[in-house]
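J.: Sharing a structure, written as structure tokens. Questions coming.
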Amino acid sequence: MQLYDSLRRTLVPIQPIDDVVRMYVCGITPYDTSHMGHARTYVVFDTMRRLLEWQGLPVLYVQNVTDIDDDVLRKGAELGVAWDELGRRETESFLRNMAAINVAMPDHYVKATDSMPEIVEIVSGLIERGVAYEHNGSVYFSVQADPNFGSMAHSDYPTMLTTANERGNFPNDPNKRDPLDFVLWQAAKPGEPTWASPWGEGRPGWHIECTAMVLHYLGPRINIHGGGGDLQFPHHACELAQAECYSGQTPHVEAWSHVGMVCYEGEKMSKSLGNLVLVSDTLKEHTADALRIALLKYPYREAYEYTDADVVWAEGVVARLQSAASSAVGGGGQSAEELRVDMLNALDSDFNTPECIRLLIALAEAATNGEIDDAESAAATIREVGAILGLSAEQW
Ligand SMILES: [Zn+2]
């Protein structure tokens, strides 16, 4: 398939590396409940994986869990729950929600706290290569030491610094040489959990855990690195810098793939605005099939406004697909095979799910009205494409 790469800003072909399509998607920080922002990102990449596998390509899919992080520690303290207990509870809840919308487990689902040896090894390697430095027990990546740093941001230094500051950067950390330098390892603070390292007790920064897992499970060159659009900078810029400086191999990633944010009632759906629509609440009133259709109905790279009306519309679509799959009527008119090829081409071309769903509905309508050349082939295509979209199509 052809997929848009946010770094080069062009479509790139996804071709297996050593016979396997290598795919990494940044995972959750388990301190809160799964909402539609999570659902959209993980449904998009789950469907992409289904498409690639349907095309006969073996996919190796890795995802992390940021189980040690400022947010996990803060929320645990607020609730009076141990940080690791909170992480376990919220990870289980997230996985239950994903299973409920038919998002399959990655091949490796890895906690940051289970990757400490790999993290320490890469941080040490970055110091050896002269792109990272230690100060007072913390280690930082030096953005000035990497001439390519920030290519992912497509913007100048002041803009990068402003964005980084809005997304968790501490520009006034006195240990840093440059306010945009980012932490690879942070020295122990009183009362926090810590791990041993050559720089003393501490814990890893967020960006390094993803790099450690990508390099360990997938290698220095991978096909798809995905996540929500807000991860493009600084998180993915930092990952890119770490991986390429450590391995010396480029490009680290064929397609940096970003899913547009989810809005609700005109604003970004976010914890801080308190406008979250939870997956578990939506599933009380709607089926998983309908929710997946609604989440895939719009171009994945664009922002998406979640509305209940879309899910209600999608319920009707699912009913039409089911009915057409079980009682398709032939008679002439459109070619089922041509529609099938058009649908698969749409998915193959930068994952155009809106066009695929539009054609799928057209096929179901034609098959319902006796306006399709081959009823059997029409029914089989509805089940086949429905399965690629992750719907319960085998039961139709
Ligand atoms: Zn990541």
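The values are calculated or read from the model by the stated rules, or taken from the named source; none is laboratory data. Only a predicted model underlies this, so the values are computations on that prediction, with no experimental measurement involved. Glycine also receives a Cβ, built like all others from the backbone with ideal geometry; neighbour counts cover every protein chain displayed. Areas reflect the complete protein model, heavy atoms only, side chains present, ligands, DNA and RNA absent. Shrake-Rupley method; radii C 1.70, N 1.55, O 1.52, S 1.80 Å.
J.: How many residues, within the range 44-70, are over 25 Å from I14 (Cβ atoms) and surrounded by fewer than 18 Cβ atoms within 10 Å (Cβ to Cβ)? Working first, answer last.
T.: Residues of the range 44-70 over 25 Å from I14 (Cβ atoms): 65-70.
Adding the requirement that they be surrounded by fewer than 18 Cβ atoms within 10 Å (Cβ to Cβ) leaves 70.
Residues that pass the stated criteria total 1.
J.: Just checking, how many residues over the range 355-396 are open to solvent by less than 10 Å² (accessible area, probe 1.4 Å), of a type outside the set (G, A, S), in a helix (DSSP H, G or I) and under 15 Å from V341 (Cβ atoms)?
T.: Residues flagged as open to solvent by less than 10 Å² (accessible area, probe 1.4 Å), of a type outside the set (G, A, S), in a helix (DSSP H, G or I) and under 15 Å from V341 (Cβ atoms) within the range 355-396 amount to 7.
J.: Something else now. What's the number of the condition T47 fails, among (1) free of Cβ contacts under 8 Å to residues at least 24 places away in the same chain; (2) over 25 Å from P234 (Cα atoms)?
T.: (1)
J.: Related question: Select from the range 117-158 the residues that are assigned to a loop (DSSP other than H, G, I, E, B) and hydrophobic (A, V, I, L, M, F, W, C) and list them in ascending order.
T.: First, the residues of the range 117-158 that are assigned to a loop (DSSP other than H, G, I, E, B): 129-131, 136-137, 142, 146-150, 154-156.
Those that are assigned to a loop (DSSP other than H, G, I, E, B) and hydrophobic (A, V, I, L, M, F, W, C): V131, F149.
J.: Moving on. Among residues belonging to the range 4-43 that are surrounded by fewer than 23 Cβ atoms within 10 Å (Cβ to Cβ) and in a strand (DSSP E or B), point out the one that is nearest to the ligand (Cβ to nearest atom).
T.: Of everything passing the filter in the range 4-43, D5 is nearest to the ligand (Cβ to nearest atom).
J.: Pick from V253, V259: which is within 12 Å of the ligand (Cβ to nearest atom) and on the phi < 0 side of the Ramachandran plot?
T.: Values: V259 fails: within 12 Å of the ligand (Cβ to nearest atom).
After ruling out the rest, the residue left standing is V253.
J.: Taking L347 as the residue in question, decide whether it is in contact with a strand residue (DSSP E or B) (Cβ under 8 Å, 6 or more places away or on another chain), under 23 Å from A290 (Cα atoms) and in a helix (DSSP H, G or I).
T.: Working: in contact with a strand residue (DSSP E or B) (Cβ under 8 Å, 6 or more places away or on another chain): no; under 23 Å from A290 (Cα atoms): yes; in a helix (DSSP H, G or I): yes.
Criteria not met by L347.
J.: Then there's this: Inspect the range 186-200 for any residue being within 16 Å of the ligand (Cβ to nearest atom), assigned by TED's automatic domain parsing to the domain that holds V62 and either aliphatic (A, V, I, L, M) or at pLDDT 95 or above (or both) and give the result as yes or no.
T.: No, that holds for no residue.
J.: When both residues are 6+ apart or on different chains and their Cβ atoms are under 9 Å apart, which pairs have a first residue that lies in the range 228-245 and is within 10 Å of the ligand (Cβ to nearest atom), and a second that is among the aromatic types (F, W, Y)?
T.: As it stands, the answer is H235/W206; H236/W256; C238/F141; C238/F149; C238/F182; C238/W206, since those pairs meet every condition given.
J.: Evaluate the range 261-277: report whether one residue or more is surrounded by 24 or more Cβ atoms within 10 Å (Cβ to Cβ), touching an Asp or Glu at 6+ places or on another chain (Cβ under 7 Å) and not in a loop (DSSP other than H, G, I, E, B).
T.: Within the range 261-277 (the criterion being surrounded by 24 or more Cβ atoms within 10 Å (Cβ to Cβ), touching an Asp or Glu at 6+ places or on another chain (Cβ under 7 Å) and not in a loop (DSSP other than H, G, I, E, B)), the answer is no, since none of the residues qualifies.
J.: Could you look through the range 102-112, keep only residues that are among the aliphatic types (A, V, I, L, M) and within 15 Å of M48 (Cα to Cα), and pick out the one that is surrounded by the fewest Cβ atoms within 10 Å (Cβ to Cβ)? Please lay out each step first, then the result.
T.: Within the range 102-112, the subset among the aliphatic types (A, V, I, L, M) is 103-105, 110, 112.
Checking the rest, the ones that are also within 15 Å of M48 (Cα to Cα) come to 103-105.
Numbers: V103: 25, A104: 14, M105: 12.
That would be M105.
J.: Right, next: Since R8 meets every condition but one in (1) out of contact with any Cys (no Cβ under 7 Å at 6 or more places or on another chain); (2) under 26 Å from D281 (Cα atoms), which condition does it not meet?
T.: Result: R8 passes all but (2).
J.: Would you mind telling me which numbered condition in (1) at positive phi; (2) in contact (Cβ under 8 Å) with a residue 24 or more places away in the chain G130 fails?
T.: Among (1) at positive phi; (2) in contact (Cβ under 8 Å) with a residue 24 or more places away in the chain, the lone unmet condition for G130 is (2).
J.: Surrounded by 21 or more Cβ atoms within 10 Å (Cβ to Cβ), in contact (Cβ under 8 Å) with a residue 24 or more places away in the chain, assigned by TED's automatic domain parsing to the domain that holds L52 and touching a Leu at 6+ places or on another chain (Cβ under 8 Å): does that describe V120? Steps first, please.
T.: Values: surrounded by 21 or more Cβ atoms within 10 Å (Cβ to Cβ): yes; in contact (Cβ under 8 Å) with a residue 24 or more places away in the chain: yes; assigned by TED's automatic domain parsing to the domain that holds L52: yes; touching a Leu at 6+ places or on another chain (Cβ under 8 Å): no.
Criteria not met by V120.
J.: Sticking with this one: Among strands (runs of 3 or more DSSP E) lying entirely in the range 171-249, which contain 1 or more residues that are among the aromatic types (F, W, Y) and open to solvent by less than 40 Å² (accessible area, probe 1.4 Å)? Walk me through how you get there before you give the answer.
T.: Working: elements: 182-187, 202-204, 222-228.
Fully inside the range 171-249 and qualifying: 182-187.
J.: Please verify whether S280 is small (G, A, S), part of a helix (DSSP H, G or I) and within 23 Å of the chain's Cα centre (by Cα), treating the condition exactly as stated.
T.: yes
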